[in-house]
Every structure is written in C-alpha cells, then in structure tokens.
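The values are calculated or read from the model by the stated rules, or taken from the named source; none is laboratory data. Just so we're clear, the structure is a prediction, and the values are computed from it rather than from any experiment. Because the Cβ atoms are built from the backbone with ideal geometry, glycine has one as well, and the counts that use them run over all protein chains shown. Remember, those area values only see protein heavy atoms, side chains included, never the ligands or the DNA or RNA. Shrake-Rupley method; radii C 1.70, N 1.55, O 1.52, S 1.80 Å.
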Amino acid sequence: MRVYNTISKRKEEFIPLEEGKVKMYVCGPTVYNFIHIGNARPMIVFDTVRRYMEYRGYEVNYVSNFTDVDDKIIKKAIEEGVSAQEISKRYIEECKKDMEMMNVKPATTHPLATEEIGGMLEMIGQLIDKGYAYEVNGTVYFRTRKFEGYGKLSHKNLDDLRSGNRSLLVSGEDEKEDPLDFVLWKPKKEGEPAWASPWSEGRPGWHIECSVMSRKYLGEQIDIHAGGEDLVFPHHENEIAQSEACNGKEFAKYWLHNAFLNIDNRKMSKSLGNFFTVREISEKYDLQVLRFFMLSAHYRSPLNFSVELMEASKNSLERIVTAAENLKHLMGTAADKGMTESEFAHYEATEEFVKKFEEAMDDDFNTADAIAAVFELVKYLNTHTGAENTREYLEKCLERLKTLCDILGLAAEKKEELLEGDIEVLIEERQQARKAKNFARADEIRELLLEKGIILEDTREGVKWKRA
Ligand code: AMP
Ligand code: ZN
C-alpha cells in the first residue's frame, strides 16, 4: 500500500509502527455551527482510508477531536446569549447525526478539547522546562527558533515568512521573541471560558490540543495524521514542533491532506459565505449521494461542487443499488443448491474487479479508480446473472458487491424506510403494551423504531415522533 506523504512530497510504502495496527489522528471540526460540505470531505475521505485499512486486516485506532473552545464558539454564544458549552454541545450532537447519515463511522475516541485541559497544562509545562516555550504577561508562546525542524512539513521559506509576519505584527504580539512564535496559552478576556494555570487564568491555543489528545489516546508516535490541506501550515507544522520538542521522537510517520471542495471554482468556506451545510444537502439528497460524489475524485484533487455532479452521482449510485436489488430479487426464486461449475468460473472471473479495486486503493487511495472497478463488477453481474442461477452463486455475487461498496462506505442495499402508517401502528401497540404494564414489549417497540431511525418523545399531549 502506497500513501502520499506531505512531508516527503512523494508516495511511500505504508509500513505501520506496530505490525497489524494503525494509529491515526484526524483533526476534527470547530463546533460553532452545522458542518458544511467542505468539512465533510476529510470526514468521508479519511473514514474511507480507515475502512480500507480495516479491510486489509489492520486494527485501526482512529482518533478525531472536536474543537469546543475557540473564538468563533464564544462569539456565537454571546450572539445567542447562552454559554459556549451549550453551543459546542449542540453542534457536536448535530455533527454526529450528519456523520451517521454520511455513513462515517464514529471514531474509536472523539476527545473534546475542554476535557483535556489538564494534559495541555502538563505539556506546556514540559515545553517550558525544556526551553521550548516562554511566558510573557500570562501568555505562553512556543519558541520556534529553538525547534530545528520547524518548517519541514510545509516546506516554506521561514525567513520570508518571518519578514512578512514582522510587518504584520499586531499590538500585543510584539512581546514575542520571533514573529513565528505561536500561542500555547492565553489569558482570558471578560466573559470567556477560562481555566486556572500557573501562568494566568485563561485557555489553550488551538495547536496544543491536537498534540495532547494525540499523545493521550495514541501515544507519542503515530502512523497517520490527517486533515484538510489548509491545516498544513501553521496548524500541523506547529503540532510537529510541540510534539517532537516535548517527546523527543518523530511525531507522525505519514501526513495526509485532502484538497479543498470548491464551489463555482472558489474555495468553499464559512468566511466567504459560499457554503452549503451537510444538513441542507440532506434535505434534497440521501447523504450516500454526497459520499459518492466526494469519492468520485481522488482526495488530493480539488473538487468542484455542482448540482450536475450530484445528479450524476445519484444516478451512478442507483445503478449499484439496482444491481444489488436485482440479485436479491433473483435469489427469491433461485434453486437452493450449490454452485455449478460454470457459475464457479464466473464467480472467479469477478476476482479481476476486486484486484483492480485493491490496486486503485493501494495507490494512495484512488477512490475514483476504485469506483470504476465497482462499475465493471456491476456490469459483469448484470450480464452474468439470471433466473437460471443457483442461490449460492447469487449470494456470493451480492456479497462481493457489498464488500467493495462497504469499503467505500456506500450501502448497496436500499434503506428500508418505515412508512408513517407503520410508525403510528407501532406507537399504538406500544401504548397498549404500557397500559397493560407490559413494559418489556413497550421498550422493545421503542428500540425497534430507533433502529429504523425513528425517535419517540413522550409529551403531555401524547407520543410524538421524528426521524433521526
Ligand atoms: P475547521 O472546522 O475549519 O477546523 O475544519 C475542519 C476540517 O475541515 C479541517 O480538516 C479542514 O481542513 C477541513 N475543511 C474546511 N473547509 C474545507 C473545504 N472547503 N474543503 C475541504 N476540506 C475543508
Ligand atoms: Zn489538529
């Protein structure tokens, strides 16, 4: 398996630190609003990387944080007149719902910055002790000049950056020893969330979060660190400086970065206001379609969002689902016996498409080519299955299609959606069960509905329901 490493600027053979295991950290979103479809790109792409690693037999420890203390969260909290925690909690919940609809697996751990302050104080203290950080008026800065490898990830000319930044120095920052020094801890301003520390009552800088959470949940050295390409500098460059200065070891072996999702060929971003939230897209499309669209391009290629491409993705996905439905339909009446010799040969012939799929994914996760291999398989299945086939053959064919789709996180089978009438009937049955004090049955029905994505709410006016 070869992966493109931003630090070496080339594809390298993937060799894990520990045989059979992958330790992977993906920088997660800052939670002050619904996530937009640009934020969804790293989620979908790196979830696919994880799924492929798992398919290849690795045990993947996947950590992705939520940044829940930040200027933008505080601003939103002030606008709404609520606490910062209320804002972040709300949007973490909403983000998790979006992830589920996009078939993004929950991380092994989803740490929250605000729950890891102790670890941050510890690492900042260690950096000060080692001479890599200094405090001025309650603010702690990282001393970039002391860290020899500073700039190795972003390949930037640091002298140019220094002189550029010097002229940009804003008041209050002139206390820094070097324009490239960055904040590890800052004193609080009125009304901001704050924690006690040896330097001031305040809050951590953004970069230190990830160094700390990565070390706590994955150890001092990890295999893969990933995120969007805008994070290369300064965020990931600073993470390397903090972690390597503190731990004295190479931080991450492979650095993976996805290119941006654009709209009208311009970067999609919250600051430009030209974005769609994932939730908005979910009103028009099943989010499987969004997932398919994201994977139809290589993750390092810029991708332009358009209605045309979404429609094309919807049609393509439907071709896969139709092929799977067709196989299931044939299975319903197929002879219940073992594969014939010619069926065995046909089944073996489909291995070619699996091989193509694996070759594409082994080549730096080329999902575009992997999807092409899935379509070759679909075409083959459409022409090599029929009413004359045995159940075993059809089952194996379906299994093969589902396995490849599952690596991409695409459900080849239609979701069974409960109709309103069915839901009402079940709710009525649950009410009857409760009246009869058969609470086990009542709970069973609630669970059953939940599995189908229906959430029940017992209110004074009776039972209400909504789709998750
Ligand atoms: P943020 O909440 O801005 O920290 O972003 C969370 C993740 O989304 C980071 O990995 C960003 O690099 C990524 N991201 C933000 N906007 C885009 C975009 N338009 N296309 C691709 N990735 C993005
Ligand atoms: Zn990060």
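For the reader, a short list of remarks on this structure follows.
- Within segment 281-319, being among the basic types (Lys, Arg) and touching a Phe, Trp or Tyr at 6+ places or on another chain (Cβ under 8 Å) holds for ARG300, LYS314, ARG319.
- Test: ASN39 is part of a strand (DSSP E or B) and at pLDDT 95 or above: no
- Taking segment 379-397 as the range and being touching a residue at least 24 places away in the same chain (Cβ under 8 Å) and of a type in the set (Val, Ile, Thr) as the test, the residues that pass are THR385, THR390.
- Qualifying residue in segment 122-130 (condition: open to solvent by 20 Å² or more (accessible area, probe 1.4 Å), under 30 Å from ILE92 (Cα atoms) and under 30 Å from the mean Cα position of the chain (by Cα)): yes
- Some residue of segment 60-81 being under 25 Å from GLU359 (Cβ atoms), at pLDDT 95 or above and hydrophobic (A, V, I, L, M, F, W, C): yes
- Scanning segment 254-262 for residues that are out of contact with any Ser or Thr (no Cβ under 7 Å at 6 or more places or on another chain), away from ligand 1 (no atom under 13 Å from the Cβ) and at pLDDT 95 or above turns up at least one hit.
- Lone unmet requirement of (1) within 16 Å of ligand 2 (Cβ to nearest atom); (2) closer than 23 Å to ILE407 by Cα; (3) open to solvent by 50 Å² or more (accessible area, probe 1.4 Å) for ASN258: (3)
- All positions within segment 335-364 that are in contact (Cβ under 8 Å) with a residue 24 or more places away in the chain and within 21 Å of TYR299 (Cα to Cα): VAL354, PHE357, MET361, ASP362, ASP363, ASP364
Residues are listed down the side, and each one gets a yes or a no for (1) in a helix (DSSP H, G or I); (2) surrounded by 18 or more Cβ atoms within 10 Å (Cβ to Cβ):
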| site | (1), (2) |
| --- | --- |
| ALA370 | yes, yes |
| VAL378 | yes, yes |
| TYR393 | yes, yes |
| LEU401 | yes, yes |
| CYS405 | yes, yes |
| GLU413 | no, no |
| LYS437 | no, no |
| ALA440 | yes, no |
| VAL463 | no, no |
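- Of the helices (runs of 4 or more DSSP H) entirely within segment 189-297, none holds at least 3 residues that are on the phi > 0 side of the Ramachandran plot.
- For segment 345-364, a residue qualifies if it is touching a Phe, Trp or Tyr at 6+ places or on another chain (Cβ under 8 Å) and either open to solvent by 60 Å² or more (accessible area, probe 1.4 Å) or assigned to a helix (DSSP H, G or I) (or both), and the qualifying residues are HIS346, TYR347, ALA349, PHE353, MET361.
- Here segment 1-50 is the region considered, the condition is being in contact with a Ser or Thr (Cβ under 6 Å, 6 or more places away or on another chain) and of a type in the set (A, V, I, L, M), and the residue that is nearest to ligand 2 (Cβ to nearest atom) is VAL26.
- The one condition from (1) touching a His at 6+ places or on another chain (Cβ under 9 Å); (2) within 16 Å of ligand 1 (Cβ to nearest atom); (3) open to solvent by 50 Å² or more (accessible area, probe 1.4 Å) that LYS9 does not meet is (2).
- Residues of segment 415-435 satisfying the condition of being open to solvent by 70 Å² or more (accessible area, probe 1.4 Å) and under 30 Å from LEU295 (Cα atoms): LYS415, GLU416, GLU417
- Condition check for TRP199: within 16 Å of ligand 2 (Cβ to nearest atom) and hydrophobic (A, V, I, L, M, F, W, C): no
- Applying the condition of being open to solvent by 30 Å² or more (accessible area, probe 1.4 Å) and outside any loop (DSSP other than H, G, I, E, B) to segment 12-24 and asking which residue is nearest to ligand 1 (Cβ to nearest atom) yields LYS23.
Listed here are the residues, each with its yes/no results for (1) within 14 Å of ligand 1 (Cβ to nearest atom); (2) buried (at least 20 other Cβ atoms within 10 Å of the Cβ); (3) in contact (Cβ under 8 Å) with a residue 60 or more places away in the chain.
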{"site": "VAL26", "(1), (2), (3)": "yes, yes, yes"}
{"site": "ILE44", "(1), (2), (3)": "yes, yes, yes"}
{"site": "ASP47", "(1), (2), (3)": "yes, yes, yes"}
{"site": "TYR52", "(1), (2), (3)": "no, yes, yes"}
{"site": "GLU86", "(1), (2), (3)": "no, no, no"}
{"site": "TYR91", "(1), (2), (3)": "yes, yes, yes"}
{"site": "CYS95", "(1), (2), (3)": "yes, yes, yes"}
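- Screening VAL140 on (1) over 26 Å from the mean Cα position of the chain (by Cα); (2) surrounded by fewer than 18 Cβ atoms within 10 Å (Cβ to Cβ); (3) not in a helix (DSSP H, G or I) shows it passes everything except condition (2).
- Counted residues, segment 97-120 - those being open to solvent by less than 40 Å² (accessible area, probe 1.4 Å) and assigned to a helix (DSSP H, G or I): 6
- When SER282 is tested against (1) open to solvent by 20 Å² or more (accessible area, probe 1.4 Å); (2) under 21 Å from ALA411 (Cβ atoms); (3) modelled with pLDDT of 95 or more, only condition (3) is not met.
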